[in-house]
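Single-structure report; data block below.
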Amino acid sequence: MKKIIMLLLGALVVLSACEPVKKDVKMGGVLNANDLSIRVDNVTPGSNSVIMRNLTPGVTGQWKQGEDILGVGDEVPVILASLGEVTLTFVAFCDGGTVSKDTSVTINQLDVIPDSWLLFAGTTPEGKTWVWDSESNGGGVYGAGGYGHSKVPNWGNNAVGTTTGGGIFVDPEAKMVFDTNGGANFTMTDSTGSKKGSFSFSEKKAIANFSIGQLTIGGGAMIPAGYEYYSGGAIPQVFDILRTDDNHLVFNYAAPGAVIFDPAWATTSTMWVFKAVEE
């Protein structure tokens, strides 16, 4: 009898193991990205004011842009300080851990201007004009310094109207205009003509004890003498911004991988010194 009972129990185990796996996974259980239904809507066409929506029943999670957490919940309004196509990520929490899904939204209209951008562009439709600051650094407006150690170019230095060893002319006629009239607009004019582009600024990329954030120039435009100082080589138009006050700024560029606050003072960065034109 004991042997018969053991055989019956074994058969039950086998039958149980052979039951088909259910395909309908309860939300909140184990998910994959295809189970998530999300979307992002502009409040008005092309606006940087958007609403991020999670339409997946029974699931909660958080919204991110890169590594920055924008909010938590199923319907989250947010102001995006970006232009162009912006990728956002919804991170869902489930029994299997977390599952992420990306979506994108196109921004071509700044209905809400981040306050930090007004440092560059001012508050009028005409924008704010910036020129070389020949007074703040003994006449030196374009040069190099120790990355993180130097707050102005104090290793190599060139004044307005001179040419660097790398062959870059520091044009006296150069000026930049930032405005937010229908977008984040950037125009650089010098003795060769004008080039229009765009700009964006991120306070989240500030470097403690050094910069207030990171400025990006887009659309193929560049700042005056926008090249690496010693070599004269082309660089990405992405700059750490050092602020003296609202009308005096230093732009800083260091190559990717550069060591900031290098104890040996062996890491170089290129620096530009600008001031706002008084209206």
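Less than 5 angstrom separates the built amide H of Gly183 from those of Leu110, all sequence-distant by 5 or more or on a different chain. Model label sites at Ser191 and Val112, defined 7 Å from Cα along the beta-carbon direction, differ in position by 4.6 nm.
Using C-alpha pairs under 8 Å with a sequence gap of at least 6, the mean separation divided by the residue count of the stretch 18-107 gives a relative contact order of 30 percent.
Taking all Cα pairs closer than 8 Å and separated by 6 or more residues, the relative contact order of the chain comes to 14 percent.
Comparing Val105, Val91, Val30, which has the greatest mean-square fluctuation in the GNM of the chain with Cα pairs linked when under 10 Å apart? Looking only at Val105, Val91, Val30, the biggest GNM fluctuation is shown by Val30. Dimensions of the stretch 18-107 based on its C-alpha atoms, expressed as ranges along the principal axes with the largest first, amount to 54, 23, 18 Å.
Provide Rg over Rh for the chain; use the alpha carbon set for both Rg and the Kirkwood Rh (inverse mean inverse pair distance). Rounded to two decimals, Rg/Rh equals 1.23. Report the paramagnetic label zone for Thr162: residues of the stretch 215-245 whose backbone N is under 19 Å from a point 7 Å from Cα along the Cα-to-Cβ axis. 224-233, by backbone N distance to the label point. Relative to the 2.2 N^0.38 Å rule of thumb, the stretch 115-276 has a C-alpha radius of gyration ratio of 0.97.
Within a Cβ distance under 14 Å of Ile113, other residues only, what is the Lys/Arg minus Asp/Glu net charge?
Numbers: positive: Lys128; negative: Asp111, Asp115, Asp179, Glu203.
Its environment carries a net charge of -3.
Here, each number is a calculation from the coordinates, and none is a lab measurement. From a predicted model like this one, the values you see are computed outputs, not experimental measurements. Positions of Cβ are backbone-derived with ideal geometry, glycine not excepted, and every protein chain shown enters the neighbour counts.
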